[in-house]
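Student: Below you will find the structure I want to go over with you.
The values are calculated or read from the model by the stated rules, or taken from the named source; none is laboratory data. Fair warning: this is a prediction, and the values are worked out from it, not measured in the lab. A quick note on method: Cβ atoms are made from the backbone with ideal geometry, for glycine too, and the neighbour counts reach across all protein chains shown.
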Amino acid sequence: MLIFSLFVAARRVIGQLIAIGGASGRLAIHVSAVCPKGHSKWQNIKATKGKNDMLKSRQTNYLVRKVKSVVKKGGFDLKLNKDLAAVQLEFKQQGLSLDAFNNALKRLKPEQTIYYDIIGPAASLFVVETETDSKNRMTNTIQKYLNKIGSFRIAQDSIKNRFEEKGVITTDVKLKDKELTLEQMEEIAIELDCEETRRSNYALSTRFLSAKPTPEKFYEVLQEDECVINNFDNVESCEV
């Protein structure tokens, strides 16, 4: 009925225009049918797709923010950061593109790892590992705080070849409610090609030939050593 009514109305309008223009009048008119939304399959698909895309976009943005949060707490390594691995699994389960996940990690992760060879008091040598997206800014920052401490300078030649990179891993003395003995830990260490195994009052410490220690754990070990003296009185606290 609706289409028929529109057709009748269109005929009346055309008749009036022809009467005004006359037989010799040049008048061109084009009429096309108007279909409501319910009569077009594409319109329905388009509306549904638009809603789904909006929901996916919101969910992606939510998970990207979640990536930023868990990376801050546990780092970028999926094997070590279980929360980050869980977020990646959420992307897969909800059918979201992993490109968004990977791009979020790229934006969060510094682009360069830069090493600074530093000579300190009494010809002591240090290798400082940094991560940054601007080498010049990092160099200026390192130089600024070396000047504040005093007696430190960046070496012109590489001194990394004088160091051997090793790592220390500290583990709990209990495994499945059973306390590990030093002999048991040494057997595991031999299989993993470890160099040395020690036992402290609360944990078993194993030094690996190639694994890298975390700065936080290294700092904790130094703090427990009575021979180490902190000299940070003239250094401002900062985040690099």
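Student: Quick check on my filter: what residues within region 67-100 are assigned to a helix (DSSP H, G or I) and in contact (Cβ under 8 Å) with a residue 24 or more places away in the chain? Spell out how you get there, then give the answer.
Tutor: Taking region 67-100 as the starting set, the residues that turn out to be assigned to a helix (DSSP H, G or I) are 67-74, 82-93, 98-100.
Within region 67-100, Val67, Lys68, Val71, Val87, Glu90, Phe91, Ala100 qualify.
Student: I'd like to check something: does region 37-57 contain any residue that is within 17 Å of Leu108 (Cα to Cα), surrounded by 11 or more Cβ atoms within 10 Å (Cβ to Cβ) and at pLDDT 75 or above? Don't jump to the end; show me each part of the working.
Tutor: First, pick out the residues of region 37-57 that are within 17 Å of Leu108 (Cα to Cα): none.
No, because not a single residue in region 37-57 is within 17 Å of Leu108 (Cα to Cα), surrounded by 11 or more Cβ atoms within 10 Å (Cβ to Cβ) and at pLDDT 75 or above.
Student: Still on this structure, I have one more. With the requirement that a residue be surrounded by fewer than 16 Cβ atoms within 10 Å (Cβ to Cβ) and within 30 Å of Arg162 (Cα to Cα), what does region 81-117 give you?
Tutor: Correct list: Lys109, Pro110, Glu111, Gln112, Thr113, Ile114, Tyr115.
Student: Give me the residue from region 58-76 that is modelled with pLDDT under 85 and surrounded by 11 or more Cβ atoms within 10 Å (Cβ to Cβ) and, out of that set, farthest from Asn103 (Cα to Cα). Quick ask: steps written out before the conclusion?
Tutor: Restricting attention to region 58-76, the residues satisfying the condition of being modelled with pLDDT under 85 are 72-76.
Now narrow it down to the ones that are surrounded by 11 or more Cβ atoms within 10 Å (Cβ to Cβ): 74-76.
Values: Gly74: 18, Gly75: 16, Phe76: 13 Å.
Ranking the candidates gives Gly74 first.
Student: Could you say which residue among Leu146, Leu55 is in contact (Cβ under 8 Å) with a residue 24 or more places away in the chain, out of contact with any helix residue (DSSP H, G or I) (no Cβ under 9 Å at 6 or more places or on another chain) and part of a helix (DSSP H, G or I)?
Tutor: Details: Leu55 fails: in contact (Cβ under 8 Å) with a residue 24 or more places away in the chain.
Of Leu146, Leu55, the one residue that is in contact (Cβ under 8 Å) with a residue 24 or more places away in the chain, out of contact with any helix residue (DSSP H, G or I) (no Cβ under 9 Å at 6 or more places or on another chain) and part of a helix (DSSP H, G or I) is Leu146.
Student: Just checking, which of Leu17, Leu6, Leu96 is modelled with pLDDT of 65 or more and of a type outside the set (Val, Ile, Thr)?
Tutor: Details: Leu17 fails: modelled with pLDDT of 65 or more; Leu6 fails: modelled with pLDDT of 65 or more.
Exactly one of Leu17, Leu6, Leu96 is modelled with pLDDT of 65 or more and of a type outside the set (Val, Ile, Thr), namely Leu96.
Student: On to the next question. At pLDDT below 75, out of contact with any Gly (no Cβ under 8 Å at 6 or more places or on another chain) and on the phi > 0 side of the Ramachandran plot: which single residue out of Asp177, Asp172, Asp233, Asp225 fits that description?
Tutor: On the way: Asp172 fails: on the phi > 0 side of the Ramachandran plot; Asp233 fails: on the phi > 0 side of the Ramachandran plot; Asp225 fails: on the phi > 0 side of the Ramachandran plot.
That would be Asp177, the only listed residue that is at pLDDT below 75, out of contact with any Gly (no Cβ under 8 Å at 6 or more places or on another chain) and on the phi > 0 side of the Ramachandran plot.
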